[in-house]
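One structure below.
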Amino acid sequence: MIKWEHSVFALPFALCGAVLAAGGIPSVRQLVWIVVAMVAARSAAMAFNRWVDARIDAANPRTKTRAIPAGLLTANFVLMFTVVAAAIFFIAASQLNRLALILAPIVLLVLLGYSLTKRFTRWSHVVLGFALGMAPAGAWIAVRGSLDPRILLLTAAVTFWTAGFDVLYSCQDYEHDCQSGLHSIPRYLGIPNALIMARVFHLLMIAMLSGFVWAFHLGTIGIAGLLVVAALIFYEHTLVKADDLSKLNAAFFTMNGVISTLFFFFVAAKVLLYR
């Protein structure tokens, strides 16, 4: 039901926040609970999505083979899985610090609430982006027990990055969204214009990432990481064309995992070398 490797999308950005907050490598205890919180939150969100969208998934040719429509898992099991994953997330937050625990319900509300947004707004892609964008700020709070406004630049960058690639991915469901009345940017703008909107989101991502590199004085190494990310984003967009979505999975799964992981390596290298 859940591909664990999907956690790779946001986890490296969360680790960026953790490394910067610690001024180096956080304690083993902090790292363990941050990873547990990330995986548990992601699992709860994806399981809830599968549960609440079961009927929608069954009607969509692309998603009808998912666990509930295909009869591989029952809806009750998936709901229970969501509850257990959410409980683990709260346990992880309680092991980090008081502020992390206080904010945990708000985080979970955003994560679960995203699954409902496609029913009433075309901007669900941005909500999904913010759900992942909370990761670096959350990791900073996990380490420091407080929030530095500068880390919100990375939150904004991840928000626009995710929104951009989610718009690309949702182009596959253009016809189904039109027929079923679901809301998405491709449905309202058409696929060609949706691809343009995805580029706009990714330009905003690069702008926010530039501000982040400047705010944290990441220097030449940070700029190099920014340029690598920009090049990979550009390459990602060359893979997807309005009349050819065949390489969409490569752009969505492979490239975005590489982007987040490489940027973390650049940030970690700068912090550790400075230290």
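Under 7 Å by Cβ, and 6 or more places apart or on different chains, what pairs join a residue from segment 201-219 that is in contact (Cβ under 8 Å) with a residue 24 or more places away in the chain with one that is surrounded by fewer than 16 Cβ atoms within 10 Å (Cβ to Cβ)?
Hits for this filter: Ala215/Arg150; Phe216/Arg150.
Taking the options Ala44, Ala40, Ala22, name whichever one is crowded, with 21+ Cβ neighbours inside 10 Å, out of contact with any Cys (no Cβ under 7 Å at 6 or more places or on another chain) and in contact (Cβ under 8 Å) with a residue 60 or more places away in the chain.
Details: Ala40 fails: in contact (Cβ under 8 Å) with a residue 60 or more places away in the chain; Ala22 fails: crowded, with 21+ Cβ neighbours inside 10 Å.
Sole residue among the options that is crowded, with 21+ Cβ neighbours inside 10 Å, out of contact with any Cys (no Cβ under 7 Å at 6 or more places or on another chain) and in contact (Cβ under 8 Å) with a residue 60 or more places away in the chain: Ala44.
Based on what the data block shows, is Leu147 in a helix (DSSP H, G or I) and either more than 16 Å from Ser260 (Cα to Cα) or touching a residue at least 60 places away in the same chain (Cβ under 8 Å) (or both)? Give the steps one after another, and end with the answer.
On the way: in a helix (DSSP H, G or I): no; either more than 16 Å from Ser260 (Cα to Cα) or touching a residue at least 60 places away in the same chain (Cβ under 8 Å) (or both): yes.
The answer is no for Leu147.
Quick one: count up the residues across segment 138-166 that are in contact with an Asp or Glu (Cβ under 9 Å, 6 or more places away or on another chain) and over 20 Å from Ser184 (Cβ atoms).
The number of residues fulfilling the criteria is 1.
So which residues in segment 140-167 are surrounded by fewer than 19 Cβ atoms within 10 Å (Cβ to Cβ) and of a type in the set (S, T, N, Q), if there are any at all?
Ser146
Please find, within segment 96-124, the residue that is surrounded by the fewest Cβ atoms within 10 Å (Cβ to Cβ) out of those that are farther than 29 Å from Val32 by Cα and touching a Lys or Arg at 6+ places or on another chain (Cβ under 9 Å). Give the derivation first.
Taking segment 96-124 as the starting set, the residues that turn out to be farther than 29 Å from Val32 by Cα are 116-124.
Keeping just the survivors that are touching a Lys or Arg at 6+ places or on another chain (Cβ under 9 Å) gives 122, 124.
Details: Arg122: 19, Ser124: 22.
Among residues in segment 96-124 that are farther than 29 Å from Val32 by Cα and touching a Lys or Arg at 6+ places or on another chain (Cβ under 9 Å), the one surrounded by the fewest Cβ atoms within 10 Å (Cβ to Cβ) is Arg122.
Take Leu182 and tell me if it is in contact with a strand residue (DSSP E or B) (Cβ under 9 Å, 6 or more places away or on another chain) and closer than 15 Å to Arg122 by Cα. It would help to see each step written out before you state the result.
On the way: in contact with a strand residue (DSSP E or B) (Cβ under 9 Å, 6 or more places away or on another chain): no; closer than 15 Å to Arg122 by Cα: yes.
Against the criterion (in contact with a strand residue (DSSP E or B) (Cβ under 9 Å, 6 or more places away or on another chain) and closer than 15 Å to Arg122 by Cα), Leu182 does not qualify.
Among the helices (runs of 4 or more DSSP H) contained in segment 1-76, which hold 1 or more residues that are of a type in the set (Ser, Thr, Tyr)? Give the derivation first.
On the way: elements: 11-22, 28-52, 54-59.
Hits in segment 1-76: 28-52.
Suppose the filter is free of Cβ contacts under 8 Å to residues at least 60 places away in the same chain, part of a helix (DSSP H, G or I), touching a helix residue (DSSP H, G or I) at 6+ places or on another chain (Cβ under 9 Å) and crowded, with 21+ Cβ neighbours inside 10 Å; does Leu128 pass it? I'd like the intermediate steps shown before the answer.
Working: free of Cβ contacts under 8 Å to residues at least 60 places away in the same chain: yes; part of a helix (DSSP H, G or I): yes; touching a helix residue (DSSP H, G or I) at 6+ places or on another chain (Cβ under 9 Å): yes; crowded, with 21+ Cβ neighbours inside 10 Å: yes.
Yes; evaluated as a whole, the condition is true for this residue.
Looking at segment 148-186 only, could you name the residues that are at pLDDT below 95 and charged (D, E, K, R)?
Those that are at pLDDT below 95 and charged (D, E, K, R): Asp166, Asp173, Glu175, Asp177.
The values are calculated or read from the model by the stated rules, or taken from the named source; none is laboratory data. Because the structure is a prediction, the values reported are computed rather than measured. Using ideal geometry, Cβ is built from the backbone for each residue, glycine included, and neighbour counts are taken over all protein chains shown.
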